[in-house]
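Just so it is clear, none of the values below were taken in a lab; they were calculated from the coordinates. Remember, it's a predicted structure, so these values are computed and weren't measured experimentally. Glycine also receives a Cβ, built like all others from the backbone with ideal geometry; neighbour counts cover every protein chain displayed.
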Ligand code: PGA
């Protein structure tokens, strides 16, 4: 199981330092550490080093450098040791008007540099009855993309447990993000099956994200086939994030 902390634009510098100090004391072994990936705000990336926790960028520009004031380069993140990059989060799709074409460009850039894309997909409340169409739109381009790209992809900077993972899909229903609402296990399982239908590579991991916390993670882990969780609010305090992990793990 993979537990990804999406810190969004939260955590101050000191809060993040305290988080990491505490989290390190909670982790029992090197193996246990490998279950976690952090997505810090760009200014906090310097707190993450190559051989500590796995980490990645929350968003990148599609160019590696240039006159793009205010943007962040994946090249720089890679030099700093990032191994993952998030893309297609609904806060970017709806809040910043990111299109499928832009998301595809970002996906290309991430895999060209050898990092692992974490591609978010998910329906809004009014699309809930029509999820398959949403997944088709959000994942359909992968089919054409893969047809023209050489595989296997670069794997040199991928951490060992992720060497064979081409990319990660994070299923996040828009209506569940930050609302405290989560899908029934059967609804989540149905979504995972629909998503799998649109994926064309083996070993793709499917995570669930949206209001995951230590009170609901056990059921989700037990009763569905998800490979892990993308966690926002419940990943901001070291003790909360670690106990979410221990709650889910008890059943494995
Ligand atoms: P949440 O956010 O856990 O606070 O709902 C999840 C996300 O947006 O990735």
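Annotations
- For the chain, the mean residue ellipticity at 222 nm estimated from helices alone is -10000 deg cm²/dmol, where every DSSP H run of n ≥ 4 contributes -39500 (n - 2.57) and the total is divided by all residues, rounded to the nearest 500.
- Contour excess over end-to-end distance, with Cα ends at residue 31 and residue 125 and 0.36 nm allotted per residue: 30.0 nm
- The order of 198, 108, 89, going from fewest to most other C-beta atoms within 10 Å of their C-beta, is 108, 198, 89.
- Taking label points 7 Å from Cα along the Cα-to-Cβ direction, residue 225 and residue 94 give a separation of 2.8 nm.
- For the range 167-182, backbone nitrogen atoms closer than 17 Å to the point 7 Å from residue 240 Cα along Cα-to-C-beta are found at 176-182.
- Cα gyration tensor shape of the range 116-252, rounded if a/c is under 1.5, else prolate or oblate by comparing a/b with b/c: oblate
- Cα gyration tensor shape of the chain, rounded if a/c is under 1.5, else prolate or oblate by comparing a/b with b/c: rounded
- Ordered by the count of other Cβ atoms within 10 Å of each Cβ, fewest first, 38, 135 give 135, 38.
- Highest average packing first - 232-243, 202-213, 69-80, Cβ atoms within 10 Å: 202-213, 232-243, 69-80
- Förster radius 41 Å - calculated FRET efficiency between residue 133 and residue 63, Cβ distance, rounded to 0.05: 0.80
- Between the beta carbons of residue 79 and residue 9, assuming R0 = 22 Å, the FRET efficiency works out to 0.45 to the nearest 0.05.
- Packing-based exposure ordering (other Cβ within 10 Å, fewest first) of 226, 165: 165, 226
- For the range 188-247: rounded, prolate or oblate by the Cα gyration tensor [a/c cutoff 1.5]: prolate
- Stretchable slack from residue 1 to residue 197, in nm (0.36 nm times residue separation minus alpha-carbon distance): 68.4 nm
- Label-to-label distance, residue 105 versus residue 52, with points set 7 angstrom from Cα along the beta-carbon direction: 3.3 nm.
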